[in-house]
1. I'd like to check something: does region 125-142 contain any residue that is touching a strand residue (DSSP E or B) at 6+ places or on another chain (Cβ under 9 Å), among the hydroxyl-bearing types (S, T, Y) and within 17 Å of V229 (Cα to Cα)?
2. Tell me which residues, restricted to region 181-205, are surrounded by 15 or more Cβ atoms within 10 Å (Cβ to Cβ) and among the aliphatic types (A, V, I, L, M).
3. Just for region 214-238: of the residues that are in contact with a Pro (Cβ under 8 Å, 6 or more places away or on another chain) and within 19 Å of F14 (Cα to Cα), which one is surrounded by the most Cβ atoms within 10 Å (Cβ to Cβ)?
4. Counting only residues that are surrounded by 12 or more Cβ atoms within 10 Å (Cβ to Cβ), closer than 24 Å to G202 by Cβ and of a type outside the set (G, A, S), how many does region 107-125 have?
5. Any residue in region 197-216 that's more than 15 Å from R161 (Cα to Cα): show its pairings with residues that are among the small types (G, A, S) and surrounded by fewer than 20 Cβ atoms within 10 Å (Cβ to Cβ) at Cβ separation under 8 Å, as long as the two are six or more apart or on different chains.
6. So which residues in region 126-156 are surrounded by fewer than 16 Cβ atoms within 10 Å (Cβ to Cβ) and farther than 24 Å from P114 by Cβ?
7. Give the number of residues within region 232-263 that are assigned to a loop (DSSP other than H, G, I, E, B) and either under 14 Å from A23 (Cα atoms) or within 17 Å of the chain's Cα centre (by Cα) (or both).
8. Somewhere in region 230-250, is a residue under 30 Å from A90 (Cβ atoms) and in contact with a Cys (Cβ under 6 Å, 6 or more places away or on another chain)?
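The values are calculated or read from the model by the stated rules, or taken from the named source; none is laboratory data. This structure is a prediction, so every number in the text was calculated from the model and none was measured. Heads up, the Cβs are rebuilt from the backbone with ideal geometry, glycines too, and the neighbour counts pull from every protein chain shown.
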Amino acid sequence: MPVILPTTKTILVFGGTTEGKQAVGWLANTAYAFWYSTKTQVELDLPPNGRYRWGAFTTATLVAFCRRHQVGCLVHAGHPFAEALHATVAEASQQLGLPVLRLERAYPPRQAHPLITYVADYEEAIACLRAADLAPALALSGVQTIERLRGYWQHHPMYFRVLPRASSVALATRAGLPAAWLLPAEPGREVAAETALIRRLGVRAVVAKESGESGFLSVKLAAAGAAGVPIFVVRRPATPATFRSVAGKDELLAYLEELKMKN
């Protein structure tokens with residue numbers, strides 16, 4: 001078991017992603033005590049120097065949590081489309097004067113291709129689908145985008161692949177999505193399988209979000225190309241300029257060491 005240095009302040013890691021799990025692994029067996037936070041409850045194994053909490057923060061509750069647990073640094077490894085979390089972390093860190101280290105995932109380069117269109121938001125994706133009269137469509141953008149794409153599927157058939165979890169199916173059901181359009185399944189990791197899905201459903205367009213390699217965006221792009229259908233990719237939102245991007249274990253631990261020496 002590592003020795004937690006008494007002068008080291010606690011680190012708060014926002015996870016629920018592949019990058020969040022990586023951060024836990026990087027911090028394991030170090031001298032840094034940390035909390036791991038997710039919006040919804042998940043099952044995970046933490047090392048002795050880690051503790052877990054779940055539930056959405058407001059700016060006020062995040063500030064209070066950081067003060068109560070003497071948090072000295074925020075490590076933001078949340079989803080790139082977690083815009084509410086971006087804003088909450090930015091506001092709370094400014095109030096507390098805390099640094100925010102952003103663990104950013106890898107993204108494939110944006111491609112100039114006749115079948116690939118990058119759009120600003122889901123409203124623009126809907127407009128593109130309508131303008132080209134593309135139906136049915138397949139959304140590979142996650143269960144949280146069912147409401148965002150309601151303006152399309154209320155009038156045109158649209159399949160949604162969501163994680164095979166009871167909570168995801170329940171969310172889709174509450175939204176009123178027809179059961180026949182719901183596809184509970186794990187994300188496709190192989191181009192051939194994704195291409196086969198597109199062809200089996202007979203869809204004429206795909207909607208995805210710029211979720212990076214962790215979200216298998218390259219696979220989705222390649223599969224749409226192989227199937228010969230257009231894909232509309234919602235661009236990832238910008239993160240606050242106050243966040244400091246770090247890449248990999250060495251850079252993260254080096255910056256934490258720098259912060260520790262300043263204490």
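1. Checked against the condition, which is being touching a strand residue (DSSP E or B) at 6+ places or on another chain (Cβ under 9 Å), among the hydroxyl-bearing types (S, T, Y) and within 17 Å of V229 (Cα to Cα), region 125-142 yields at least one hit.
2. L182, L183, V191, A196, L197, I198, L201, V203, A205
3. Among them, the one singled out is G215.
4. Final tally of qualifying residues: 6.
5. R204/A135; G212/A106; E213/A106; S214/A106
6. Q144, E147, Q154, H155
7. Count: 8.
8. Initial filter on region 230-250 (under 30 Å from A90 (Cβ atoms)): 232-250.
Cutting the leftovers down to in contact with a Cys (Cβ under 6 Å, 6 or more places away or on another chain) gives us 232.
Yes - at least one qualifying residue is present in region 230-250.
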